[in-house]
1. Within the chain, which DSSP H helices have Cα atoms that stretch 15 Å or more along the helix axis and a mean Kyte-Doolittle hydropathy of at least 0.0?
2. Among all lysine pairs in the chain that are eight or more places apart or on different chains, how many have alpha carbons less than 22 angstrom apart?
3. Could you point to the residue in LEU5, THR37, LEU65 farthest towards the positive end of the chain's charge dipole, with +1 and -1 charges on the Cβ of Lys/Arg and Asp/Glu respectively?
4. Whole number please: convex hull volume per residue of the Cα set in region 1-60, in Å³?
5. Using a/c under 1.5 as the rounded threshold, could you call region 57-132 rounded, prolate or oblate? The axes a ≥ b ≥ c are square roots of the C-alpha gyration tensor eigenvalues, and prolate needs a/b larger than b/c, oblate otherwise.
6. How much of the DSSP bridge set in the chain is antiparallel, in percent, rounded to the nearest 5?
7. Could you size up the charge dipole of the chain around its Cα centre, putting +1 on the beta carbon of Lys and Arg and -1 on that of Asp and Glu, and report it in debye to the nearest 20?
8. Taking other Cβ within 10 Å of each residue's Cβ, how do MET1, MET24 sort, fewest first?
Amino acid sequence: MKVLLDTNVLASAVATRGLCADVMREVLARHKLIVSTQILSELRRVLNAKFNAPREIIDDFIELLQQDSIWSEPDELPRVRLKDKDDLGILAAASVGGADVVVTGDKELQKLGRFRGVKIVSPRRFWDELTA
């Protein structure tokens, strides 16, 4: 399965133990992760600003995510009404990268349910579906 983990899921996975870390490990071990320049740039910023993570750890984590991942670099953003315009890049990356699912903590994205055939779910729902 091709999975796009939103920035908030990736940041939580590296900064805390718990569900998001379990989800990330499962995706890296058994599925294909989709990444984009936008996601990795946001991740670098969030880990630095919110979690005060050391640069070396951030660099190592970004490098880990880039290994064997599917790169998705969309050229245009979809026309969807969202409060956070950065989320348009997430939807575009998922669509262009051929994602089966987007895993996100963003409630507005979760409310969409699907976008161009890509399922959008919370980390909990994704985990529950994987382990059912």
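1. TM-like helix candidates: 19-30, 37-49, 55-66, 86-96.
2. 16
3. After comparing all options, I get LEU5.
4. 76
5. Note, shape of region 57-132 comes out oblate.
6. 15
7. 500
8. Ranking MET1, MET24 by Cβ neighbours within 10 Å, fewest first, gives MET1, MET24.
Values in this text are rule-based calculations from the coordinates and carry no lab data. Note that this is a predicted model, so its numbers are computed, not measured. As a convention, Cβ positions derive from the backbone with ideal geometry for all residues, glycine included, and neighbour counts pool all protein chains shown.
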